[in-house]
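**Q** Right, I'll just put the structure down here and ask away after.
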Amino acid sequence: MRISFRAPAVLLACVLATGVSEASPLSVDQKVRNALQLDQNASNGKKLYATHCAQCHGEQALGSAANLIPSLAGQRRAYLVKQLADFSELERDSRPMHAVVSKPELASEQAWADLSGYLNSLPRTSFPQTGDGRGLELGEAIFQDQCASCHEQDARGDDDGFTPSLRDQHYAYLVRQVRSIGTWHRLNVDANLVRYLDSLDTEEATAVADYLSRMRGPIKDHDKMNSDGTVNN
Ligand code: HEC
Ligand code: HEC
């Protein structure tokens with residue numbers, strides 16, 4: 001059984017003609033499900049993080065825009081577990097992450113559960129890198145029309161669909177991932193999503209990433225979201 005997500009009508013309409021899902025090894029999805037059922041030991045997660053991850057992702061897990069390293073603080077637990085499993089099984093490209101997750105003390109479902117529980121609990125206090133601000137209206141229109149059905153209106157994501165939060169994330173990293181998913185650098189992803197992201201041209205991809213990079217902080221009240229994606233406190 002594959003991990004599935006809710007496809008919006010517009011996506012289905014675009015891709016129904018070609019919409020055959022690529023098979024992915026069952027073992028990855030099974031490992032993800034197993035890890036999600038384990039008790040999380042956040043204090044072990046904290047220890048593992050300090051030893052193996054902080055040097056790249058930062059002490060507070062806020063990432064590094066210049067090095068295209070994502071912020072992980074407050075990211076959804078189910079999504080984090082799935083990404084660690086995907087890196088571990090070479091379902092997602094990234095030499096540095098492959099090297100990390102193949103260390104014996106990190107190559108277990110329990111380690112993924114502990115790390116993901118810890119990271120999910122961290123406050124999202126980042127000030128991510130943004131784009132040049134010129135395409136925000138286009139970015140908002142694309143996001144609300146084509147992405148919010150899965151990622152939610154305020155980009156908070158969804159655990160059931162393994163859908164990441166796209167809030168508090170660095171602009172350049174977001175652009176790169178739109179391209180990476182669109183060119184099959186992440187294999188354990190629905191084929192429809194790949195085709196869909198590949199259909200965005202450069203202006204559209206950078207506009208939507210810029211709009212997203214301005215969605216910051218914890219969710220307080222959807223009605224207070226400004227048109228540029230920032231949230232009033
Ligand atoms: C040598 C640097 C380095 C180290 C050490 C490192 N990472 Fe990463 N990590 C990266 C880079 C670079 C990426 C972006 C990969 C890409 O472009 O797809 C990444 C991506 C990720 C992602 C995907 C996030 C997303 O939004 O999809 C997760 C989760 C992650 N790392 C967790 C960890 C954890 C947990 C550790 C420690 C066990 C760790 N990383 C250690 C460099 C590193
Ligand atoms: C059908 C549901 C769906 C739609 C529509 C969708 N996404 Fe996603 N998106 C996902 C899922 C699920 C993932 C996680 C993929 C994985 O597990 O590697 C994802 C991952 C991403 C990532 C990677 C985040 C990270 O931290 O690495 C980005 C960026 C992204 N989506 C942007 C978009 C944009 C922009 C749109 C609209 C143009 C969009 N998505 C539309 C479901 C969706």
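The values are calculated or read from the model by the stated rules, or taken from the named source; none is laboratory data. The structure presented is a predicted model; accordingly, all values stated were derived computationally and were not measured. With ideal geometry, Cβ positions are generated from the backbone for all residues, glycine too; neighbour counts draw on all protein chains shown. Remember, those area values only see protein heavy atoms, side chains included, never the ligands or the DNA or RNA. Shrake-Rupley method; radii C 1.70, N 1.55, O 1.52, S 1.80 Å.
**Q** Would you confirm whether any residue within region 108-120 is surrounded by fewer than 21 Cβ atoms within 10 Å (Cβ to Cβ), out of contact with any strand residue (DSSP E or B) (no Cβ under 7 Å at 6 or more places or on another chain), in contact (Cβ under 8 Å) with a residue 60 or more places away in the chain and more than 23 Å from Gln55 (Cβ to Cβ)? Before you say what the answer is, go through the steps one by one.
**A** In the first step, residues of region 108-120 are kept if they are surrounded by fewer than 21 Cβ atoms within 10 Å (Cβ to Cβ); the result is 108-110.
Narrowing the set further to residues that are out of contact with any strand residue (DSSP E or B) (no Cβ under 7 Å at 6 or more places or on another chain) leaves 108-110.
The next check asks that each one be in contact (Cβ under 8 Å) with a residue 60 or more places away in the chain; those that pass are 109-110.
Among the residues that remain, those that are also more than 23 Å from Gln55 (Cβ to Cβ) are: 109.
Yes: one or more hits.
**Q** Related question: Quick one: in region 164-185, of everything that is closer than 18 Å to Thr206 by Cα, open to solvent by 20 Å² or more (accessible area, probe 1.4 Å) and not in a helix (DSSP H, G or I), which residue is farthest from ligand 2 (Cβ to nearest atom)?
**A** Per the criteria, the residue is Thr183.
**Q** Within region 10-55, restricting attention to residues that are closer than 25 Å to His185 by Cα, open to solvent by 50 Å² or more (accessible area, probe 1.4 Å) and small (Gly, Ala, Ser), which residue is modelled with the highest pLDDT?
**A** Filtering first and then ranking leaves Ser27.
**Q** Of all residues in region 127-172, how many are within 16 Å of ligand 1 (Cβ to nearest atom) and on the phi < 0 side of the Ramachandran plot?
**A** Matching residues across region 127-172 total 18.
**Q** Could you check region 148-163 and list, in sequence order, the residues that are within 13 Å of the chain's Cα centre (by Cα), near ligand 2 (Cβ under 10 Å from one of its atoms) and open to solvent by 20 Å² or more (accessible area, probe 1.4 Å)?
**A** Cys150, His151, Asp158, Phe162, listed by residue number.
**Q** Is at least one residue of region 67-83 over 20 Å from Arg186 (Cβ atoms), in contact (Cβ under 8 Å) with a residue 60 or more places away in the chain and not in a helix (DSSP H, G or I)? Even if it seems obvious, please write down each step before you answer.
**A** The initial filter retains those residues of region 67-83 that are over 20 Å from Arg186 (Cβ atoms), namely 73-74.
Within this subset, residues satisfying the condition of being in contact (Cβ under 8 Å) with a residue 60 or more places away in the chain are 73-74.
Narrowing the set further to residues that are not in a helix (DSSP H, G or I) leaves 73-74.
Yes: region 67-83 contains one or more residues that are over 20 Å from Arg186 (Cβ atoms), in contact (Cβ under 8 Å) with a residue 60 or more places away in the chain and not in a helix (DSSP H, G or I).
**Q** For region 131-142, name all the residues that are within 20 Å of the chain's Cα centre (by Cα) and either away from ligand 2 (no atom under 16 Å from the Cβ) or open to solvent by less than 50 Å² (accessible area, probe 1.4 Å) (or both). Even if it seems obvious, please write down each step before you answer.
**A** Residues of region 131-142 that are within 20 Å of the chain's Cα centre (by Cα), as a first pass: 131, 139-140, 142.
The answer is Gly131, Gly139, Ile142.
**Q** Which members of region 108-127 meet the condition of being farther than 17 Å from Leu36 by Cβ and more than 16 Å from ligand 2 (Cβ to nearest atom)?
**A** Applying the first criterion (farther than 17 Å from Leu36 by Cβ) to region 108-127 yields 122-127.
Listed by number, the residues that qualify are Pro123, Thr125, Phe127.
**Q** Now, a different point. Hey, can you tell me all the residues within region 106-139 that are touching an Asp or Glu at 6+ places or on another chain (Cβ under 6 Å) and assigned to a helix (DSSP H, G or I)?
**A** Leu136, Gly139
**Q** Then there is this: Can you tell me how many residues within region 201-210 are within 9 Å of ligand 2 (Cβ to nearest atom), crowded, with 20+ Cβ neighbours inside 10 Å and touching a residue at least 40 places away in the same chain (Cβ under 8 Å)? Outline the logic, then answer.
**A** Step one: list which residues in region 201-210 are within 9 Å of ligand 2 (Cβ to nearest atom), which gives 204-205, 208-209.
Pick out the ones that are also crowded, with 20+ Cβ neighbours inside 10 Å and you get 205, 208-209.
Pick out the ones that are also touching a residue at least 40 places away in the same chain (Cβ under 8 Å) and you get 208-209.
So the answer is 2.
**Q** Here is a further query. Looking at Ala155, is it assigned to a helix (DSSP H, G or I), within 22 Å of Asp201 (Cα to Cα) and not aromatic (Phe, Trp, Tyr)? Before you say what the answer is, go through the steps one by one.
**A** Details: assigned to a helix (DSSP H, G or I): no; within 22 Å of Asp201 (Cα to Cα): yes; not aromatic (Phe, Trp, Tyr): yes.
Here the answer is no, as Ala155 does not meet what is asked.
**Q** To continue, here is another question. What pairs can you find where one residue is in region 143-169 and not assigned by TED's automatic domain parsing to the domain that holds Ala205, the other is within 16 Å of ligand 1 (Cβ to nearest atom), and their Cβ atoms are less than 9 Å apart, with a gap of 6+ or different chains?
**A** none
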